[in-house]
């Protein structure tokens, strides 16, 4: 069995994905692999986002009974 990696907090993961995207698209990072390694994000996740896949939370918002605004009010 492999060693478990510590989980990155959601807000940090989101920021890391954004930074990887900025530096990859601006040419600072030469490849997707180097950007994902530098910013500690899974290669598959970043690659999927480049292809237009939405995060799970955003993709299923239309299926929720309450809207995000209604949940925040509660």
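Read-outs throughout are calculated quantities, based only on the coordinates presented, and are distinct from any laboratory measurement. Owing to the predicted nature of the structure, the values given are computational and were not obtained by experimental measurement. Cβ sites come from the backbone with ideal geometry, for glycine too, and all protein chains shown count toward neighbours.
Here are a few things to note about the model shown:
- Structure-derived log10 I(q)/I(0) by the Debye sum over Cα atoms at q = 0.16, 0.23 Å⁻¹ - corresponding label in (i) -0.65, -0.96; (ii) -0.48, -1.07; (iii) -0.71, -1.03: (iii)
- Each label point was placed 7 Å from the Cα along the Cα-to-Cβ direction; for residue 49 and residue 5 their separation is 1.3 nm.
- Separation of region 50-65 and region 1-41, taken as the distance between their Cα centroids, equals 20 angstrom.
- Choice from 59, 35, 20 with maximal GNM fluctuation in the chain (Cα, 10 Å cutoff): 59
- FRET efficiency estimate (nearest 0.05) - Cβ-Cβ, residue 63 to residue 18, R0 22 angstrom: 0.30
- With the highest mean first, a sort of the peptides 62-68, 10-16 on other beta-carbon atoms found within 10 angstrom per residue produces 10-16, 62-68.
- When you restrict to C-alpha pairs under 8 Å that are six or more residues apart and normalise by the size of region 10-56, the relative contact order lands at 32 percent.
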